[in-house]
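The values are calculated or read from the model by the stated rules, or taken from the named source; none is laboratory data. Keep in mind it's a predicted model, so treat the numbers as computed, not measured. Reconstructed Cβ throughout: ideal geometry from the backbone, glycine too, with neighbour counts over all protein chains shown. These area figures cover heavy atoms from the full protein model, side chains too; ligands, DNA and RNA do not enter into them. Shrake-Rupley method; radii C 1.70, N 1.55, O 1.52, S 1.80 Å.
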Amino acid sequence: KLKDRETTIVKLIPKNTASNIKWMKVWVDTDDWLMKKIQVFDISDNLMTYFVEDLKLNSGLADSTFQFDIPPDVEVIDLR
């Protein structure tokens, strides 16, 4: 539980051994499936903890806010 909310903890470990992160844990609320807490443990043995206290969904941002214009000298390789 996290602040009286049921959560599921997901531990993520990078496949790439050259990563700067040893592992990351994410606490996910089992009702709304949103992140509530994140811990990151890096290669210098620093443990950073982040709490998500106010998350606004569908806040009315225009799609153009996230528009990406591909530069003319870039080749796009779509692997979907």
Assess whether residue 38 counts as being of a type in the set (A, V, I, L, M, F, W, C) and out of contact with any strand residue (DSSP E or B) (no Cβ under 6 Å at 6 or more places or on another chain). no
Somewhere in segment 50-68, is a residue aliphatic (A, V, I, L, M) and surrounded by 10 or more Cβ atoms within 10 Å (Cβ to Cβ)? yes
Looking only at segment 51-75, count every residue that is aromatic (Phe, Trp, Tyr) and assigned to a loop (DSSP other than H, G, I, E, B) and tell me the total. 1
Residue list for segment 24-50, filter: free of Cβ contacts under 8 Å to residues at least 24 places away in the same chain, closer than 15 Å to residue 10 by Cα and either in contact with a His (Cβ under 7 Å, 6 or more places away or on another chain) or assigned to a strand (DSSP E or B) (or both): 24, 25, 26, 28, 35, 38, 39, 40, 41, 49, 50
Counting only residues that are open to solvent by less than 60 Å² (accessible area, probe 1.4 Å), under 15 Å from residue 51 (Cα atoms) and of a type in the set (A, V, I, L, M, F, W, C), how many does segment 11-36 have? 5
Matching entry among 32, 45 (being on the phi > 0 side of the Ramachandran plot and at pLDDT 90 or above): 45
